[in-house]
Each structure stands twice: as C-alpha cells, then as structure tokens.
Amino acid sequence: MTTLNVDLAERSYPIYIGSNIMFELAKYQPHIVAKQVMIVTNDTIAPIYLQGLIDTLSADYQVDSVILPDGESYKNLDTLNLIYTGLLEGKHNRTTTLIALGGGVVGDMTGYAAASYQRGVEFIQVPTTVLSQVDSSVGGKTGVNHSLGKNMIGAFHQPRAVIIDSDSLDTLPDREYSAGLAEVIKYGLICDNPFYQWLQGNMARLMARDKEAIHYAIEASCHNKAKVVAQDEREGGIRAILNLGHTFGHAIETEQGYGVWLHGEAVAAGTVMAATLSAAMGFISDDDVADVKLIHRQANLPILGPKAMKPERYLALMSVDKKVLDGRLRLVLLQAVGRAFVTSDAGLGEITQAIIDCQE
Ligand code: NAD
Ligand code: MG
C-alpha cells in the first residue's frame, strides 16, 4: 500500500493506493465526518462492489446508497437530482459523507452533489476505472454536463480521501483500460521523463495487467497529478498542461458524438497530433514522435484521427473549445519529451498540417 498526499493547505488529503483495500473499514474511518454515509454508484458497478462496501461500513455507520443509470449521457442535472432525493429521503444532514464508487462519471456527479447539498458536505472518492484512478478522482473538479456543453455545470470541491483499490480494475473491460492508459502516458510526456521511459519499457506488462506494474503506474500518475494540482488548484496556469492532446481530442469527441470514441482514445490521437506539431515547430525530434506513436499503439490506442474528419472541422471545433484565449488558439505542446508548455505561437498552417499528417 502506498499513501500519497495532495498538498492543498487545509484542503489537503491522502490518496491510498493498494490491492484489496476497498473493503478495509480503517481506510474510511478517519475521513467520515459523523454517522451518516451515502454511497453513490451506478447499475454496472453496484452488482459487483456495492454490497461489499455496504457490509464494510455498516458496522459503524448509517449507510444508504443511490444507484444511477450508467453512462456519460446520464451525467446531467436530472440524474444528479436522484442523489439529492436519496439524501433527503434518508434525512441526511450537513455532517453526512458521500462516497463515490465508480468511474469518472460517478465521481464527478457525486463530487458535485457533495459540493452543493446543503451548501457543501464531505465526500470520499473510490475510483474504479484507470481514468478515474489516475485523473478524475484527484484534483477536485466536479460537475455534470449540459445539453449545450460538457462539464458546463460544476464546482471545485476536493474530496477528503481517495481510496484506489487496484484490484477493482480486474473487472474493467479492455477498451476502458486502454483508454485510461492514454492519461497515464500523458503524465510521462508532460512532466516526468523518467516515468515515460519506464512506460516505454513496461507497456507490455501493463497490457498484461501485471499487478506490480499497474500499482506503479497509478502511483506515478497520481503523484504527478497531485504535484500539478498543488501548484495550481483552480487552473490559473500550470494545471493547463494536463490538457496535452485534449484540444485536438475534444474536437474528435464532439464531432463523433460522445461515446463513439472514448475520451482516452480521442486524447491518444490528439496527443500524437500535438507531438507532431511540436516536432514541426522544432521542439522535439521526428524520432520522439515515432516513439509517441509506438507507445500509444502498444497500449492499443489510436494514433490517427477519424478518417472522414477534415482539418477545417477540427479548427472550427477547437476554436470554440474553452482553451482559446483572445482569438489565438492556445495549445499544450511539448517543449521536450517530459516537458509540456502552453503556447499560442502555432500558426494555423502548421496546425492544419499536423492534423493532415495524423489522418488515415
Ligand atoms: P465512466 O465513469 O463512464 O466508466 C467507464 C465504464 O466502465 C462505465 O460503463 C462504468 O460503469 C464502467 N466501470 C467502472 N468501473 C468498473 C469496474 N471496476 N469494472 C467494470 N466496469 C466498470 O468513465 P471514466 O473514463 O472513468 O470517466 C469519464 C468521466 O470522467 C467523464 O465524464 C469526464 O468528464 C470525467 N473526467 C473528470 C475529470 C476531473 O478532473 N474531474 C478528469 C477527467 C475526466
Ligand atoms: Mg482527460
């Protein structure tokens, strides 16, 4: 078991990473405020893990649960209301503690319910996908989608603890597993060259779901996310580097319709585009780009954008993306392998060429 700390003064919290820790009462006790607990999960995860968690906590607490429909399409205000209804029906007061049991969708919605229920209650993250374990459960961004935009309703609300049971990945489908690895690779590329080199040597182990390798990859990823978040909790500056590949990726996700490409798949292709552009601007070498492609292929992730999607379509969608400032396209690029930066210096021609280079 490893414990990391997210260093945010009075909002600091631990991240526990270990095998078979989901059902350890002692991991929860220091972080549950009073007697009431509300577990929020979905109808895919509930049959696998919910009863075990209820049994774990019932010894000490009044435990209720809400089971949401599974899917990004349910990450909205209507579904959020199911959580509030459950809390009110169970007479949960301001000292209740919410527990998010599931992937990023459950985590984001539970976090926002916690941020807003009775003007704010505490919550614990128990993430069960690679993506949520290495990314969404750490950092305090919570929220839901609006029909006019993804994650448009939300709040910053840090959890009291993050409990990462690496064994929960045993039941995760391969495609979701690979998609999460896109964010893992991202940490190496943006700020941790030694970790990137480790990934280059160990991707086969990760794909074989070697426990020790998974534990290390989660730990290194959370360490890097926690480090970036501690420097810039509300994304005024450096936190933006976490969006490497995301501006291109966001265009792909939007064009295809959410769910056709998984987020991590779009980020993978977007990262290859960002690396290609970085090389065209002289920051990294063509060999570096070839390595970036190779590692994504090894993780069974796409390295090309969707066949029929034209560069003009990318540009149109990227300019409405929130990463645009003052009419210039702000992009996260690689200054070196292991060092990302935000720049508005890329010309439209260069961006277009990078997209074309990454088309089928
Ligand atoms: P997800 O929550 O939809 O989970 C993916 C699928 O796997 C779902 O069908 C889920 O039910 C299933 N699942 C989860 N755990 C499982 C397990 N252990 N075994 C079997 N099936 C399991 O998707 P995700 O990729 O975890 O998260 C995506 C969401 O995270 C998006 O809504 C995105 O906006 C959000 N996100 C938030 C942040 C943040 O900082 N808050 C960062 C990145 C992404
Ligand atoms: Mg992401």
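Values in this text are rule-based calculations from the coordinates and carry no lab data. Please read all numbers here as calculations on a predicted model, not as lab measurements. Every residue, glycine among them, receives a Cβ derived from its backbone with ideal geometry; neighbour counts consider all protein chains shown.
Table for the structure above
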read-out: Extension gain, Ile356 back to Leu315 (0.36 nm per residue minus Cα-Cα distance, nm); value: 13.6 nm
read-out: Contour minus Cα-Cα distance for Gln335 and Leu348 (0.36 nm per residue); value: 2.8 nm
read-out: Per-residue Cβ neighbour rank within 10 angstrom, fewest leading, Thr41, Thr110, Thr171; value: Thr171, Thr41, Thr110
read-out: Cα centre as origin, Lys/Arg/Asp/Glu Cβ charges: the stretch 142-197 dipole, Debye; value: 360 debye
read-out: Residue order, fewest to most surrounding Cβ atoms within 10 angstrom, among Trp261, Trp198; value: Trp198, Trp261
read-out: Magnitude of the charge dipole, the chain, Cβ model with Lys/Arg +1 and Asp/Glu -1, debye to 20; value: 660 debye
read-out: Low-density loop cleavage sites - chymotrypsin sites (Phe, Trp or Tyr not before Pro) in the stretch 3-108, where at most 16 other Cβ are within 10 Å (DSSP); value: Phe23
read-out: Tensor-based shape of the stretch 193-281 (alpha-carbon gyration tensor, a/c under 1.5 rounded, otherwise prolate or oblate); value: oblate
read-out: Of all DSSP beta bridges in the chain, antiparallel share, percent nearest 5; value: 40 percent
read-out: Debye log10 I(q)/I(0) for the chain, one point scatterer per Cα, at q = 0.07, 0.12, 0.15 Å⁻¹; value: -0.29, -0.85, -1.29
read-out: Cβ-Cβ FRET estimate between Asp167 and Ser285, R0 fixed at 45 Å, reported to 0.05; value: 0.70
read-out: Separation between Cα centres of the stretch 172-215 and the stretch 240-254, rounded to whole Å; value: 19 Å
read-out: 20 °C / 1.002 mPa s Stokes-Einstein diffusion coefficient of the stretch 1-157, Kirkwood radius on C-alpha pairs, µm²/s; value: 138 µm²/s
read-out: Environment charge at Ala266 (Cβ cut-off 11 Å; Lys +1, Arg +1, Asp -1, Glu -1); value: -3
read-out: Cβ-based net charge around Trp198, under 15 Å, with every Lys or Arg adding one and every Asp or Glu removing one; value: -3
read-out: Label-zone membership for the stretch 71-113, site Ser147, 7 angstrom Cα→C-beta point, backbone N under 15 Å; value: 73-79
read-out: Residue-count net charge about Ile124 - beta-carbon cut-off 10 Å; Lys, Arg +1, Asp, Glu -1; value: +1
read-out: Exposure proxy ranking, count of Cβ atoms within 10 Å, fewest first, for Lys211, Lys225; value: Lys211, Lys225
read-out: Sites Asn20 and Phe156 - FRET efficiency at Förster radius 30 Å, r taken between beta-carbons, to 0.05; value: 0.45
read-out: All aspartates and glutamates inside 15 Å of Lys91 as judged from Cα atoms, apart from same-chain residues fewer than 8 positions distant; value: Asp64
read-out: FRET efficiency, 1/(1 + (r/R0)^6) with R0 35 Å, evaluated for Gln256 and Glu235 via beta carbons; value: 0.85
read-out: Degrees between helix 246-256 axis and first principal axis of the chain (Cα, 0 to 90, nearest 10); value: 80 degrees
read-out: Of Lys186/Lys307; Lys141/Lys310; Lys27/Lys186; Lys150/Lys310, those spanning more than 27 Å from alpha-carbon to alpha-carbon; value: Lys141/Lys310; Lys27/Lys186
read-out: In Hz, Karplus ³J(HN,Hα) per residue of the stretch 191-206 (6.51, -1.76, 1.60; θ = phi - 60°; x = Gly, Pro); value: 7, 8, 4, x, 5, 4, 5, 4, 4, 4, x, 10, 4, 4, 5, 4
